[in-house]
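Reading through the structure tokens given below for one structure.
What follows draws every value from the coordinates through simple rules; no lab data is involved. In this text, all values refer to a predicted model and were calculated from it rather than measured experimentally. All Cβ positions, glycine included, derive from the backbone under ideal geometry; neighbour counts span all protein chains shown.
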Amino acid sequence: MVTASAQAHADEQQAENHLLLRMSGISKSFGAIRALKQVDFDLRAGEVHVLAGENGAGKSTLIKILGGVHQPEEGQIHLRGRLLRFHSPREAAAEGVAIIHQELSLVPAMSVADNIFLGHERSAGGWLRYAEQQRGALEALGRLGLDVDVRQTVGTFPIATQQLIEITKALALDADVIVMDEPTSALREPEVERLFDVIGELKQRGCGIIYITHKLEEVYRIADRITVLRDGDHIVTARMTELPADALVRSMVGHDLPESARTVAEAPLSSQTARLAIRDFSVQAARRGLRPLVDRVSFEVRAGEILGLAGLAGSGNSDLLSALFGAQRGRVSGHVRIEGQPYRPTSPRAAIRRGIALVTNDRQRTGLILGMNIAANMTLASVARVSPAGWLNFAHEMQLAERVAGDLDLRAASLTQPVATLSGGNQQKVVLGKWLNAQPRVLLLDEPTRGVDVGAKQEIYQLMNRWSRAGHAIVLITSELPELLMMSDRIIVMHRGKVVAGFDRAEATQERVLHAAMGGAVASSE
Amino acid sequence: MRTLLGTTIPIGMALTLCLTASCERKAQTQVFTIGMSQCNLGEPWRVQMNADVKTAADKRPNIKMVFKDAQNDTLKQRAHVEEFVSAGVDLIIISPKEAAPLTEPVAKAVQAGIPVIVLDRRVLGAKYTCFIGADNKLIGREAGKWIVKKLGGKGKVVELKGLMTSTPGQDRHTGFRAGIEGSEIEVIFEADMKWLEPDARKEMESALARYDQIDLVYAHNDPGAHGAYLAAKAAGREKDIMFVGIDALPHEGVMYAKQGILDATLQYPTGGAEAIDVALKILNGEEVPKEITLGSRIFTTENVEAGGESIGSGP
Amino acid sequence: MSGELKSIPSLSPAHEAWWREALRNPIFTAAVAFGLVLVLGLIFSGDGAFYKWGTHRDALRQASVYGILACGMTVVIITAGIDLSVGSVLALVAVSFSILSIHWGWSPWLAIPACLAVGTACGAVTGGIIARFAIQPFIVTLSMMVFARGMAKYVSGGMKVSTAVQGADGTYSYVDVPGIFRLIDSRLLGENLSVVSLIFLACVVVSWIGLSRLRWGRYVYAIGGNEAAARLSGVPVGVMKVAAYGLAGLFAAVAGICQAAQEQQGDPETGMAYELSAIAIVVIGGTNLMGGRGGIGLTLLGTLIIGYIEKILSINAVAEANRLMLTGAIIVAAVLIQRRRV
């Protein structure tokens, strides 16, 4: 691909290109959590610098500091040679730093021209000069090779075009430090190509681009340099050519595997028909024009088995589980069988009737009713059980709640206290208790240990083991790779809605899983 | 629904008639088309007004009525007047929602040669043919005088007032006070019951709780008087108290008088029948007064079967 | 592990002033607010009228129709919704009940269930539209408010439906007030309690049982507390919304029957703005408009607070303008007393 002489030429070029941005020794903590520890990062004009790392590595914190949302406790930022401190996003924008988030900041109901000049309208004495704005917008778009009707409202354009409009907006601000956060997560192939062309244009103009992505194929297409963060530490910064994919992945991973509480799951009973079997399962996005969230996925889970469903943000694994539970808005197609019987996911109520339980990844928003007490939350999915003929039997409810609370080792002063007063770990136990009481056959767990302290995590792992021994089929999503490897009997990896890899327990390693999740080619298993 | 059907079919017929009939006044055997615009048909009293007009018109074979309901919308009512003018009706009767917005359309109609009778509520200025209306001050005064006579010049009276931000309420109040002036009638309790029966009942309950002796209740409308009666009945004191109301609609106030619930009710005339009389005079080329103040009738338990007694001046 | 619960030390300091803790209980604060209103009445007793039992009996009577509406409104508000149509449904049922009982001579055993069905149907339609099409309750119930009012006027021909029956030839004949009307508008216990007050209290009891003892009550609180979590836990959100608004319609029908009996007629214009009073009662009682908490006990106290404020102003013959200002001020004071200072 890149010849030696071309690389040397590029090196010289880079050395000449001046330094746009230098962040040195940046540290930031949130309470007890140290998000960034003495991190260095720099950006040159005309380069694409990829910022890589797992969830929680510190990438977004670093970008938020650059964008003026947070203030660092230690460290300095030099922008074009000047020592600066941004106290607000407006200040950062004024200094030529533009951040393009995954959620675009365009106003759908306003026209393209108005959006491009939002915040710095062309006006004379308070009167907007529409004609001038339209001309300016056309010009800015033209520089990127775009041709759209600037009077049309932004919302009518497809996402890909909106993204390009957002980039134009950044340019109209005369930004030369441009941060792109997962820009291709919603795009199709041809649109990704267009974006890369535009990035090339930007490089030509001397802009520096910080590009955050999980996808290996993109890293190796456009990166000039790569920086890896892990757990708040700066691990490595190197030119793309000096950091091949496996080395990249290895530097991203690297936790110690926790020793305690690791139990070997019993071998699933292979003679039975699968508890849960899906074939060609697809889920369309709720908005039109986007690629499918889940694209013809097939797998089986047997009784007593824990299937790990790995994938990074945007891979579609969470959407898959919520679609199986009947909670997705987009159209669902494919075949699903529960214990051999066909099943159509129409609503959560129907799913619960068939014995499916879904532990969502956001317990405060979708898992608990904070105003109610623990016992009521624990019986929320099985109210019919504690209300014969419609009359609530409080004694029975308390009995069920106490039994489950004991099983889960829930720590609370009383079961009649509101759940809002519990710690994260205990709240998660309440959610698990709710589903236990619903007597499910298939458990779909989406990040069951998120926001849970170490001790409670161990207890939840033990719980999962007990469940699988009892014969439940479990599908597990977790962004913590060690946890995934420890608990799963089998792992399948999703990337952009499709299944890209499958591993047995024996052959799975963190690197292999992450590599596949980032879209890298999978070597055939031994 | 009914009113919609009730207006579209006659309009269709009326328009065809207007196109074929001549616009000049000829012999009395000619059929006259009269357009009537009512500000709303939500108030039973206005329903009664239209009914009175219709009854009077039905008796005259040479009158064709076209009724329009403005549903309390002044813009709609302006449109009514303009529609009547372009359809070329022979006369317009209008009970306006508000004076100012309807003044000019009415003036234009008169200019176009169509006489306009204004009923119950006024327009501004003098550009109309005839105004027919009742006088609430007079009615209130007559009520006061009758009460003074009935109580022999002294007694304790409760006044239950209609919405005091409206002219009828104010007039029925000031008229009443003028009527009892000089006597020893004492108004021991007064409250604004906003023309509503349940509210009148509540206020009467308070009055009953507070005063052991009440001789008479004067309410600005019959529903109010009825509500007061029910409160007194529940307290077992209805026989000791007399009740006087205003409006005297045949199936409401007059009925209450017949049943002995009200000792007296004063009619607030709609002027519907008079409007048709005056309309025919105008159409026959006669002179009519600019202002006609309707008289009222008082219905008491004694004279109600005989059809009441007229009071105050009339045409 | 056996079912032994581990306790942790309470998060709040061990010795908390008893009154501070009591103030966090909404029933307590509502009762305090009501107590203060009673004190006001004792002071401004209207020449001693406040000391007579009749005044209290009447205060309860006049507040009953509003209170019945407020019971249904409480259920709807707990689901984080609102129902602006109850005043109009009340009118529709008042008119219907009068036509059935007075003009058509139906027995109350037929007329009452028929009218309750009419009210419930209006509510169920509203709830169905809200649930199926996910439109804001404010808009849907506003539309029903207009529609039901129109239906009331249509069904009644725009006139009050009273004991004066118009014959085919236009003359009026007069019938007696039906026995059921007299029964509802009478008193029990030796003239000490109005029947409508009893009906109101019965509605309170029924609502209380439903909300705190029945399965659907649990569902109602869940939907108001967190609709997404409730749906994802298998709560039948759609059905429950239809039921909640249907219940509000049912109570509006009960109120309409009581109103017709007390007016001895069916007035299509009755009940105007009653829904606002019902909402005020619920809010003053202490139930949160955001949903998920509150209850009927609070609504009962709210009804008493509003009813007594009106009564005190009435026996003191306060002028109308002053009444409005004072009512507003007292309501603000009552709400401030109940602010949760947790």
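Quick one: go through segment A:286-325 and flag any residue whose amide nitrogen is under 18 Å from the point 7 Å out along the Cα-to-Cβ line of A:Arg221.
Flagged as within label range: A:290-292, A:314-315.
Which whole number in µm²/s is D for the protein assembly as shown by Stokes-Einstein, with the Kirkwood Rh taken over Cα pairs at 4 °C and 1.567 mPa s?
Details: Rh = 36.5 Å.
It comes out at roughly 35 µm²/s.
What share of all Cα pairs of segment A:19-252, in percent, falls into each consecutive 5 Å distance bin?
All Cα pairs, binned at 5 Å, distribute as 1, 7, 14, 18, 19, 16, 12, 7, 4, 2, 0, 0 percent.
How high is the FRET efficiency from B:Lys149 to B:Arg121, r the C-beta distance, R0 30 Å, rounded to 0.05? Present the calculation step by step, with values, prior to reporting the outcome.
On the way: r = 32 Å, r/R0 = 1.05.
After rounding to 0.05, the efficiency reads 0.40.
Where does helix C:237-263 land angle-wise versus the long Cα axis of chain C, in degrees 0 to 90, nearest 10?
It works out to around 50 degrees.
What does chain A give for Rg and for Dmax, in Å, if only its C-alpha atoms count?
In Å, with Rg to one decimal and Dmax whole: 25.6, 82.
What nm distance separates the two modelled labels at C:Leu324 and C:Ala117, each placed 7 Å from Cα along Cα→Cβ?
4.3
Helix A:394-408 sits at what angle to the longest principal axis of chain A, using alpha carbons and giving 0 to 90 degrees rounded to 10?
70
Find the percent of Cα-Cα distances in segment B:191-286 that exceed 19 Å, and round it to a whole number. Could the numbers behind the result be given before it?
Details: 2059 of 4560 pairs.
Summing the P(r) tail past 19 Å for segment B:191-286 gives 45 percent.
Based on alpha-carbon centroids, what's the gap between segment C:269-331 and segment A:312-359 in Å, whole number please?
Comparing the Cα centres of segment C:269-331 and segment A:312-359, I get a distance of 48 Å.
First check a/c for segment A:66-134, with a ≥ b ≥ c the square roots of the eigenvalues of its C-alpha gyration tensor; if it is under 1.5, answer rounded, and if not, answer prolate when a/b is larger than b/c or oblate otherwise. Each step should come with its number before you reach the end.
Details: a/c = 3.17, a/b = 1.94, b/c = 1.63.
Prolate shape, in that a/c is at least 1.5 and a/b is the bigger ratio.
With a 10 Å cut-off between alpha carbons and a GNM built on chain C, which of C:Asp185, C:Asp176, C:Asp267 moves the most?
C:Asp176
Which of C:Phe181, C:Phe97, C:Phe133 moves most in a GNM of chain C, Cα contacts under 10 Å?
It is C:Phe133.
Which parts of segment B:86-119 would a label at B:Leu75 reach, counting a residue when its backbone N lies under 13 Å from a point 7 Å out along Cα-to-Cβ?
The answer is none, because no backbone nitrogen lies closer than 13 Å to the label point.
Among rounded, prolate and oblate, which fits chain B when a ≥ b ≥ c are the square roots of the eigenvalues of its C-alpha gyration tensor, a/c under 1.5 means rounded, and a/b larger than b/c means prolate? Before the final figure, lay out each step's value.
Details: a/c = 2.36, a/b = 2.25, b/c = 1.05.
Note, shape of chain B comes out prolate.
Residue farthest toward the positive end of the dipole of chain A, with Cβ of Lys/Arg at +1 and Asp/Glu at -1: which of A:Leu171, A:Leu229, A:Ala405?
Highest projection toward the positive end goes to A:Ala405.
To the nearest 10 degrees, how steep is helix C:274-285 against the longest Cα principal axis of chain C, on a 0 to 90 scale?
20
For segment B:44-53, in order, what is each residue's ³J(HN,Hα) by Karplus, 6.51 cos²θ - 1.76 cosθ + 1.60 with θ = phi - 60°, in whole Hz (x at glycine and Pro)?
Along segment B:44-53, the couplings run x, 5, 6, 4, 5, 4, 4, 4, 5, 4 Hz.
Considering only B:Gly260, B:Gly175, B:Leu280, whose Cα is most displaced toward the positive end of the charge dipole of chain B, charges sitting on Cβ of Lys, Arg (+1) and Asp, Glu (-1)?
Sorting the options by dipole projection puts first B:Leu280.
For an R0 of 35 angstrom, estimate the FRET efficiency from the Cβ-Cβ distance between B:Ser310 and B:Gln213 and round to the nearest 0.05. Intermediate results must be reported in sequence, preceding the final value.
On the way: r = 33 Å, r/R0 = 0.95.
Calculated value: 0.55.
How many angstrom separate the Cα center of segment B:102-160 from the Cα center of segment A:366-389?
67
Return the FRET efficiency for the residue pair A:Asp280, A:His101: r is the Cβ-Cβ distance, R0 is 30 Å, and the value is rounded to the nearest 0.05.
Details: r = 34 Å, r/R0 = 1.12.
Between A:Asp280 and A:His101 the formula returns 0.35.
Can you pull the one-decimal nm distance between simple spin-label points at B:Glu287 and C:Arg20, each 7 Å off the Cα toward Cβ?
Label-label distance for B:Glu287 and C:Arg20, simple model: 9.1 nm.
Using the alpha carbon gyration tensor of segment A:367-439, what are the three equivalent-ellipsoid semi-axes (square root of 5 times each eigenvalue), largest first, in whole Å? Walk me through the numbers on the way to the answer.
Numbers: eigenvalues 71, 28, 24 Å².
Ellipsoid semi-axes (Å, largest first): 19, 12, 11.
Report the charge-dipole magnitude of the protein assembly as shown in Debye, nearest 20, computed about the Cα centre from +1 at each Lys and Arg Cβ and -1 at each Asp and Glu Cβ.
Working: 119 positive and 118 negative charges, 290 e Å.
It works out to roughly 1400 debye.
Ranking C:Cys115, A:Cys207 by Cβ neighbours within 10 Å, fewest first, what do you get?
Lowest count first: A:Cys207, C:Cys115.
For segment A:425-475, which semi-axes, largest first and in whole Å, follow from the square roots of 5 times the eigenvalues of its Cα gyration tensor? It would help to have the intermediate numbers written out before the result.
On the way: eigenvalues 64, 28, 18 Å².
Ellipsoid half-lengths, sorted descending, are 18, 12, 9 Å.
Would you order B:Val116, A:Val500, B:Val110 from fewest to most other beta-carbon atoms within 10 Å of each residue's own beta-carbon? Each step should come with its number before you reach the end.
Numbers: B:Val116 27, A:Val500 21, B:Val110 17.
Fewest-to-most Cβ neighbours within 10 Å comes out as B:Val110, A:Val500, B:Val116.
Fewest Cβ neighbours within 10 Å first, please rank B:Val244, A:Val301 accordingly. Could you put the intermediate results ahead of the total?
On the way: B:Val244 27, A:Val301 24.
Listed from fewest to most nearby Cβ atoms, that is A:Val301, B:Val244.
Take C:Val32 and B:Arg60, extend 7 Å from each Cα along the Cα→Cβ direction, and tell me the distance between the two endpoints in nm.
The modelled label-to-label distance comes out at 7.3 nm.
Given the options C:Ile130, C:Ile257, C:Ile68, state which has the largest fluctuation in a GNM of chain C using a 10 Å cut-off (strictly under) for Cα springs.
Judging by the Gaussian network model, the answer is C:Ile130.
How long are the semi-axes of the ellipsoid equivalent to chain C, from square roots of 5 times the Cα gyration tensor eigenvalues, in whole Å, largest first?
37, 28, 17
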